Amino acid sequence: MKIGMSISNFGNKMKLKGKDTYIFYDPDETKYGNNDKIPAEMRTDEYSLPLIFRVGVAMDVLKGDRNRLTLAVDAVHPNDNTENLNLGFEYALRNALFLRAGYKNLFTENSEEGLTMGVGIEYNFFKSVLLKIDYAYQDFGILNNVQRFSLGLKF
């Protein structure tokens, strides 16, 4: 069994500052309109990033010489949204073929994310090079069907 926790965005408040806040301003543009090159700086308020606490558990419920089935659950507690769960599993056949499925943001109000599925292949080239090919599909609401491909080499 594997257990993990994290806290994200823990820290001070943020504030926009820098060259992107510099503007030119004409305080009387409607009356005369001839002072449009007065340098100014926009003042922005401070804001907090959303604090997110996560805890997750993963466990191999089936583990043999040729097969492995891993189940995982991840609970998320953000301070600016509803709590949610991420659920998933991975089935490995001979550590070469991997089938994956899961559901993201279960119980989140107005979530765009949902069902995810994927497949992966690992193949040993020579003795020291591992080729990894992965494909994933995700139902992502307004973006409809999001598909991802990845290719990796491990030396």
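A compact table of results
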{"read-out": "Positions within region 133-146 being over 15 Å from the mean Cα position of the chain (by Cα) and open to solvent by 50 Å² or more (accessible area, probe 1.4 Å), in sequence order", "value": "Ile133, Tyr135, Ile142, Leu143, Asn144, Asn145"}
{"read-out": "Criterion (in contact with an Asp or Glu (Cβ under 8 Å, 6 or more places away or on another chain), closer than 21 Å to Asn145 by Cα and not polar (S, T, N, Q)) met by exactly one of Gly102, Gly114", "value": "Gly114"}
{"read-out": "Qualifying positions in region 136-150 - within 12 Å of Gly114 (Cβ to Cβ) and touching a strand residue (DSSP E or B) at 6+ places or on another chain (Cβ under 6 Å)", "value": "Tyr137, Gln138, Asp139, Phe140, Val146"}
{"read-out": "Residues of region 78-102 classified as open to solvent by 40 Å² or more (accessible area, probe 1.4 Å), assigned to a strand (DSSP E or B) and modelled with pLDDT under 95, total", "value": "0"}
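The values are calculated or read from the model by the stated rules, or taken from the named source; none is laboratory data. All of these numbers come straight from a predicted model, not from anything done at the bench. All Cβ positions, glycine included, derive from the backbone under ideal geometry; neighbour counts span all protein chains shown. Surface accessibility is based on the protein's heavy atoms, side chains included, excluding ligands, DNA and RNA. Shrake-Rupley method; radii C 1.70, N 1.55, O 1.52, S 1.80 Å.
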